[in-house]
1. Select from the stretch 351-381 the residues that are of a type in the set (Gly, Ala, Ser) and at pLDDT 95 or above and list them in ascending order.
2. Any residue that is closer than 14 Å to residue 223 by Cβ and either buried (at least 20 other Cβ atoms within 10 Å of the Cβ) or touching a strand residue (DSSP E or B) at 6+ places or on another chain (Cβ under 8 Å) (or both) - is there at least one of those in the stretch 190-205?
3. Going by the structure shown, is residue 124 under 25 Å from residue 218 (Cα atoms) and either buried (at least 21 other Cβ atoms within 10 Å of the Cβ) or aromatic (Phe, Trp, Tyr) (or both)?
4. Among the candidates 277, 236, 185, 231, which residue alone is of a type in the set (Val, Ile, Thr) and under 30 Å from residue 342 (Cβ atoms)?
5. Read through the list (1) crowded, with 16+ Cβ neighbours inside 10 Å; (2) among the aliphatic types (A, V, I, L, M); (3) under 26 Å from residue 206 (Cα atoms), then give the number of the only condition that residue 141 fails.
6. Assuming residue 13 fulfils every condition listed in (1) touching an Asp or Glu at 6+ places or on another chain (Cβ under 9 Å); (2) not assigned by TED's automatic domain parsing to the domain that holds residue 232 apart from one, which condition is it?
7. Only residues that are aliphatic (A, V, I, L, M) and either surrounded by fewer than 23 Cβ atoms within 10 Å (Cβ to Cβ) or in contact with a Ser or Thr (Cβ under 8 Å, 6 or more places away or on another chain) (or both): list them for the stretch 171-184, please.
8. Tally time: how many residues in the stretch 274-285 are at pLDDT below 95 and within 20 Å of residue 3 (Cα to Cα)?
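The values are calculated or read from the model by the stated rules, or taken from the named source; none is laboratory data. Predicted, not measured: the structure shown is a model, and the values here were computed from it. Cβ: placed from backbone, ideal geometry, glycine included. Neighbour counts: every protein chain shown.
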Amino acid sequence: MKANLLCGKDVIALDLPDEALLIENRPAPALADPEAAVLAALTQPINTPPLEEIARGRDNACIVISDITRPVPNRLILPPLLQTLEASGIAREKITILIATGMHRPNLGEELESMVGPEIMTNYRIVNHYCQKGEELREVARIQGAAIEINSHYLDADLKILTGLIEPHFYAGFSGSRKSILPGISSFETMKFMHSFQVIDQLHEANCRLENNIFHDYAMEVTELVGVDFILNVVINQERELAGVFGGHYEAAHRAGCEMVVSHAVAELEEKVDLVITSAGGAPLDATFYQVSKCLISARDILVEDGTIVVTCGCEEGLGSEEFCTIMRSNPTPEDFNRHHSDPDNFVIDQWCAQNIYQALGHAGRIYIYSPGLSKEDVDRFQGIKIDDLQATVDQLLKSHNRVAVIPDGPYVVGKITQS
């Protein structure tokens, strides 16, 4: 068997025995007419009137879009959405496009142009969310004593629209809809609660699960409080072509999209394996090791204790933010991380993805990392094993591992154990 693993902008061909379990997306055909599908989602939405009808009489609008780390086809979905708003009577200068950066860096210049296209970049007001910019945030509630603060550009809008991608998510079950608000346009203080050691510690095998999911429940509570008039979410296939468009009510349309994701992105396994070979999803997702946490958690969920993980990740930007680098360079073991970061007073930005990485490290016996962008020194510091020859490493591991699973697309497909 030959498996093609994503690694940055490259694809690495790997030879494996035929008895290895290949976990991959089932084919999701691209829509024959994507533009027509987007228009249909706007004019024949799920559980809401058409968007033009909803928008009629509104003074202004805020459209939330995902940041550069999510491959949302904004150039395809934004033009008809914007045209619909203007046709309904909302002036172009009263439309704000708000980038849901969460705690990520802003998207500016050529990067922003690549996301939305030169026409939209030039002619519309586009604002990045800054989670620590207090003058653009407002408290809307308290949950478990924690302040829930949301971007005021969204709160003050007369018409509120969320766009985004529905895919497996290791905290929220699925991305999309309510996640554009929390954490997308929430404050650092709110994220301290939502991504706290205690909340993350409660999430077990949450990927592709909405029920009994505390992260999803909190996000829905906030979304219902601040309001959403319309969502336009999409599902893409392995080739990142548009496979589904879901417009309308923030819960009903989202769940319809989640059902489609399950139909092609969830694979059932009869038992756990002792070797998982996976990827971090390729560019742009694997630009930093921070994002690699997603595929490591997916691997952990189908791995026996003390099993082995092999992961490919481009990491052209290295480990990640300064804060994330400090965490990974100063905590050699999961025990070190847990001892320090379980204390709320020691909370730092990006610790939640580090927490997941240490969870995977604590569960697996060894994690081998093939990454052109990471130094051996950094990988050694958190007791990963950096490798330079993927095929040779896998060939050696196959001699001592009997149940092997390979996940070429990493976080974009989820394995579930049928008898757990």
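1. Keep residues of the stretch 351-381 that are of a type in the set (Gly, Ala, Ser), which gives 354, 360, 362, 364-365, 371, 373, 375.
354, 360, 362, 364, 371, 373, 375, listed by residue number.
2. Just the residues of the stretch 190-205 that are closer than 14 Å to residue 223 by Cβ, to begin with: 190, 194.
Subset that is either buried (at least 20 other Cβ atoms within 10 Å of the Cβ) or touching a strand residue (DSSP E or B) at 6+ places or on another chain (Cβ under 8 Å) (or both): 190, 194.
Checked against the condition, which is being closer than 14 Å to residue 223 by Cβ and either buried (at least 20 other Cβ atoms within 10 Å of the Cβ) or touching a strand residue (DSSP E or B) at 6+ places or on another chain (Cβ under 8 Å) (or both), the stretch 190-205 yields at least one hit.
3. On the way: under 25 Å from residue 218 (Cα atoms): no; either buried (at least 21 other Cβ atoms within 10 Å of the Cβ) or aromatic (Phe, Trp, Tyr) (or both): yes.
No, not satisfied.
4. Details: 277 fails: under 30 Å from residue 342 (Cβ atoms); 236 fails: under 30 Å from residue 342 (Cβ atoms); 231 fails: under 30 Å from residue 342 (Cβ atoms).
Every option except 185 fails the conditions.
5. It fails just one condition, (1).
6. (1)
7. Of all residues in the stretch 171-184, those aliphatic (A, V, I, L, M) come to 172, 181-182.
181, 182, listed by residue number.
8. In the first step, residues of the stretch 274-285 are kept if they are at pLDDT below 95; the result is 281-285.
The next check asks that each one be within 20 Å of residue 3 (Cα to Cα); those that pass are 281-283, 285.
Counting residues in the stretch 274-285 that are at pLDDT below 95 and within 20 Å of residue 3 (Cα to Cα) gives 4.
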